[in-house]
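The structure appears below as structure tokens.
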Amino acid sequence: MEMTMRKPRDYDAELKALEDKSRELKTRKVQQLGDLVIATGADALTAEELAGALLVLAETKDPGRKEAWARRGAAFFQGGARRSAPASERDPVSTPAHQGGAQPSSGNMGAA
């Protein structure tokens, strides 16, 4: 009886294909995050302001606040309100950061 051998798998080629796919997905993720920043109007913020706001979001443990943000995000993607949040849904924790200087307190926030 003759035994036929299977063709060996080319692990190097498979690994390279997976690395290429991973690189492509990371690039697409970065592009989509940039598109989201622009679509929300957050591109008007400085890098420091945006990073600070994202840090507050990432550090927040309050499930109620996260749920409110999720509802706002869902409304945004469904074509709801964009750019300006009602005062009741803004993050009161991040407000003191603006008192220090970079943002004028003249109510000029909506002019983007």
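The values are calculated or read from the model by the stated rules, or taken from the named source; none is laboratory data. Every value quoted in this text rests on a predicted model; they were computed, and no experiment measured them. Virtual Cβ from ideal backbone geometry, glycine too; neighbours counted across all protein chains shown.
Laid out as a table, the results:
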quantity: Qualifying position, being among the acidic types (Asp, Glu) and in contact (Cβ under 8 Å) with a residue 24 or more places away in the chain, among Glu19, Glu24, Glu49; calculated: Glu49
quantity: Segments classed as helices (runs of 4 or more DSSP H), wholly inside the range 1-102, with at least 1 members that are among the basic types (Lys, Arg) and at pLDDT 95 or above; calculated: 11-40, 63-77
quantity: Lone unmet requirement of (1) without any contact (Cβ under 8 Å) to a residue 60 or more places away in the chain; (2) on the phi > 0 side of the Ramachandran plot for Arg9; calculated: (2)
